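Worksheet for the structure shown next.
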Amino acid sequence: MATTTNDDLARWLARVAMHDRAAFEQVYRATCAHLLGVAFRILNQRERAEEVLQEAYMNVWHNAAGFNAALASPMTWLINIVRNKAIDALRSGRTERAATVALDDEAFEVADESRAQPQQLLEDSFNKMKIGTCMAGLSASQRQALALAYYRGMVHSEIAESIGAPLGTVKAWVRRGLDRLKTCLEAVGVASA
Amino acid sequence: MNYLLPERLDKLAREYALGTLQGRARRRFERVLQASGAATLAVGVWQERLATLAVGVPPLQPGEGVWRGLEQRLFAPAPAVAAPSPSRWSWLVALLSGRSLGGALAGVFLAVLVLRSQPGLIGAEPHVDGLPASYVGLLTDATGKPTVLASSRRHGRELTVKMLQPITVPAGQVAQLWALPKDGAAPFPVGVVPAQGTAKIALPDSSEKLFFTVPRLAVSFEPRPAAAGDRPGGDFVLSGHCVKLW
């Protein structure tokens, strides 16, 4: 992504809307690694993440005309497609996996990871966006709730179960995290409403 | 309930964008989104904010198979083997889709053109009967560019393969040609095609017997030349029609 700007992506997407295959490949090459990263965090399984990635780009090819540069940046638009597909895949497969990996080692490993890693991603993102100091106002629990929702695609009840907190408390933590994010981003001039 | 009161809208929009709005509440809000520009905007602003949380996610390079699969799914003409249980009318739909009909006609047309202008292509076999090739296959790459011309006499036991443009075969792999019989029967291996130039592939039986029921040919990259009974392991990188000219 180093040499690709949002302007490049917007221009390519406009050509993809006219079914320009070369532009489609440019979009893919410039964004696939970042988007696979996003899908992988949610699904925690490379093969499924790659399937989701492929589905997402099918969607990009068919729906590029629906991209509106006035409403979203190209990367945000792409991330949303991938995230929604990954969350759908996660929720449709969750019951199945709960039944199959109930008590083996993998289950513990995933549980461990889900406590530590999403918060690190959150920290790294805050720092890259230069809002680390501003976001320091959030408690560890508030961060954790926000991180599990965003990076793991968890809903309130799942977060509550995962960290052993009451549902109402978790909802308040997520709300607080989002409020703070809005304030801090506005302070650095990102996505002011 | 009025969803469009600014404060209520903002709360719903952020939970929707985050993914924590679920079930009936999510479906209700999706209906609001379809009808309200204000709701779309509110969600858009939150999606933009939340996308900043993705900047810290380490990139992960997908395998090249993801891109090849995409090309195959989006751009390759539907391979005959793709439909395990074709519905009663699927052949008609496929025929009327224009794409496959146009492709078939273009393939035959181009093959005839190439044969006319370069009769030596298929005349390399001894001219025992003076007849042109009976079976001709034209395979295109994912962008639709003609790549392989395969031809054989009806009772010949040799398939002549001419590469119309060079292909890049991954190191340690071969470009394996497959015949895809109609009715979705399993593909069978024909032989290995070269990266460029011309090759002759010995056939285990006459073309008439082998290709009579074969409407399509395809090439996949395989770790080794396929043996009888093998099935394609990789995606098809080239595919096209196989027609009987006379």
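The values are calculated or read from the model by the stated rules, or taken from the named source; none is laboratory data. Just so you know, these numbers come straight off a predicted model, no measurement behind them. FYI the Cβ positions are ideal-geometry reconstructions off the backbone, even for glycines, and counts take in every protein chain you see. Just so you know, the surface numbers come from the protein's heavy atoms only, side chains and all, with ligands and any DNA or RNA stripped out. Shrake-Rupley method; radii C 1.70, N 1.55, O 1.52, S 1.80 Å.
Here are a few things to note about the model shown:
- Extension gain (nm, one decimal) between residue A:157 and residue A:58, 0.36 nm per residue minus Cα-Cα: 32.4 nm
- The H on the amide N of residue A:67, modeled in the peptide plane, is under 5 Å from the matching H of no residue at least 5 residues off or on a different chain.
- Dipole magnitude for the range B:134-245: about 320 debye, using +1 per Lys or Arg Cβ and -1 per Asp or Glu Cβ, origin at the Cα centre.
- Residue-averaged 222 nm ellipticity for chain A, from DSSP H runs of 4+ at -39500 (n - 2.57), nearest 500: -26000 deg cm²/dmol
- At least 20 Å along the helix axis (C-alpha) and Kyte average at least -1.0, DSSP helices within chain A: A:21-43, A:74-100, A:167-187
- About the Cα centre, charge dipole magnitude for chain A (Lys/Arg +1, Asp/Glu -1 at Cβ), debye: 700 debye
- Our coupling estimate for the range B:13-21, obtained by passing each phi through the Karplus curve with A = 6.51, B = -1.76, C = 1.60 and θ = phi - 60°, is 4, 6, 5, 5, 5, 6, x, 8, 7 Hz, Gly and Pro reported as x.
- Calculated FRET value between residue B:231 and residue A:84, using beta carbons and R₀ = 30 Å, to 0.05: 0.30
- Excluding ligands, DNA and RNA, the accessible surface per residue across chain A is 47 Å² with a 1.4 Å probe.
- With a Förster radius of 30 Å applied to the beta-carbon distance between residue B:8 and residue A:187, the computed FRET efficiency rounds to 0.75.
- Note, ³J(HN,Hα) from phi for the range B:139-149, Karplus 6.51, -1.76, 1.60, rounded to Hz, x at Gly and Pro: 9, 10, 7, 4, 8, x, 7, x, 10, 10, 10
- Normalised by the number of residues in the range B:134-245, the average gap of Cα pairs under 8 Å and 6 or more apart makes the relative contact order 33 percent.
- Each of A:38, A:65, A:121 was scored by the projection of its Cα onto the charge dipole of chain A, and the greatest displacement toward the positive side belongs to A:65; charges sit on the C-beta of Lys, Arg, Asp and Glu.
- Probe 1.4 Å - accessible area at residue A:62, Å² to nearest ten: 110 Å²
- Only the Cβ atoms of Lys and Arg (+1) and of Asp and Glu (-1) were treated as charged; on that basis the dipole of the range A:117-181 about its Cα centre amounts to roughly 200 debye.
- Computed on the Cα atoms alone, the convex hull of the range B:134-245 gives a volume of 93 cubic angstrom per residue.
- Based on C-alpha pairs under 8 angstrom that are at least 6 apart in sequence, chain A has a relative contact order of 18 percent.
- Extreme residue, positive dipole direction of the range B:134-245, given options B:172, B:144, B:206 (C-beta unit charges): B:206
- Model label points for residue A:8 and residue B:28, set 7 angstrom from Cα along the Cα-to-Cβ axis, are 4.5 nm apart.
- Protein accessible surface hidden between B and A, which excludes ligands and nucleic acids, total in Å², probe 1.4 Å: 4600 Å²
- For the range B:155-163, 3J(HN,Hα) per residue [Karplus equation, 6.51 cos²θ - 1.76 cosθ + 1.60, θ = phi - 60°, Hz, x = Gly/Pro]: 9, x, 10, 9, 10, 8, 10, 10, 7
- In Å², nearest 10: area of residue B:4 left accessible to a 1.4 Å probe: 80 Å²
- Residue order by solvent-accessible surface for A:134, B:242 is A:134, B:242, largest first, with ligands and nucleic acids left out and a 1.4 Å probe.
- Amide hydrogen neighbours beyond the local backbone of residue B:237, cut-off 5 Å, H modeled: B:219, B:220, B:221
- Where labels lie 7 Å past Cα in the beta-carbon direction, separation of residue A:141 and residue A:179 in nm: 1.5 nm
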